[in-house]
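The values are calculated or read from the model by the stated rules, or taken from the named source; none is laboratory data. Quantities reported herein were computed from a predicted structural model and do not represent experimental measurements. Virtual Cβ from ideal backbone geometry, glycine too; neighbours counted across all protein chains shown.
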Amino acid sequence: MQPHRFTILIIAAAALSLTACNPVLRTHGYVPTEDAKPQAVEPGSDTKSSVLARLGNPSVKGTFDEDTEEDTWFYMSQVRQRFAYLRPLVEERSITAISFNADGQVDKVAEYGIEDGYYVNLVDRKTPTRGRELSVLEQIFGSVGRLPTSQIAGGNQPIPGGGGGPGGTR
């Protein structure tokens, strides 16, 4: 191989390996446009129908608001950055919470970002259940001797849930 070709091959391999390290950015959730920004909703003047017409359906509606007179809509979006095989990282997050009063008027608009979030520690405890745990052999051989022999022998009794096989209705 000529030295000139070897140099070109090395440069091409280095360039190819560097492009694999570029992050991939992906936007998830509600993507605001210039005309439709959730932050532009004004308390007191906008209603549910005007918000729905301008922004569309919310990402999430408040779960526990059915029992109260208030209703809250959430418009959420986030941008994630991913490097090759690594776990994606959330680069930015925006949550707009629009609360409505009982008459359907916008009562309050709140903005939350990635700095407002916090980690929740999960508990690794298990909920105890009654009974005993079966071993593998007990699970495999536990049903031996429990089936009625009349169904195994192929009598003319119908098989529950079946109808076309042996012993089924004709």
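Just so you know, in segment 34-54 the residues that are without any contact (Cβ under 8 Å) to a residue 60 or more places away in the chain, not in a helix (DSSP H, G or I) and not small (Gly, Ala, Ser) include one that is surrounded by the fewest Cβ atoms within 10 Å (Cβ to Cβ), and it is Glu34.
Count of segment 83-113 residues, restricted to those that are over 23 Å from Gly56 (Cα atoms) and surrounded by 10 or more Cβ atoms within 10 Å (Cβ to Cβ), is 5. Scanning segment 116-142 for residues that are closer than 30 Å to Met76 by Cα and surrounded by 10 or more Cβ atoms within 10 Å (Cβ to Cβ) yields Asp116, Gly117. Of the residues in segment 7-25, at least one is modelled with pLDDT of 80 or more, surrounded by 10 or more Cβ atoms within 10 Å (Cβ to Cβ) and either of a type in the set (Gly, Ala, Ser) or not in a helix (DSSP H, G or I) (or both). In the set (1) surrounded by 11 or more Cβ atoms within 10 Å (Cβ to Cβ); (2) under 25 Å from the mean Cα position of the chain (by Cα); (3) modelled with pLDDT of 80 or more, the condition left unmet by Val31 is number (1).
For beta carbons closer than 6 Å, sequence separation of 6+ or different chains, a first residue in segment 104-115 that is under 15 Å from Ala40 (Cα atoms) and a second that is of a type in the set (Gly, Ala, Ser) and surrounded by 14 or more Cβ atoms within 10 Å (Cβ to Cβ), the qualifying pairs are Asp107/Ser99; Lys108/Ser99; Ala110/Ala97.
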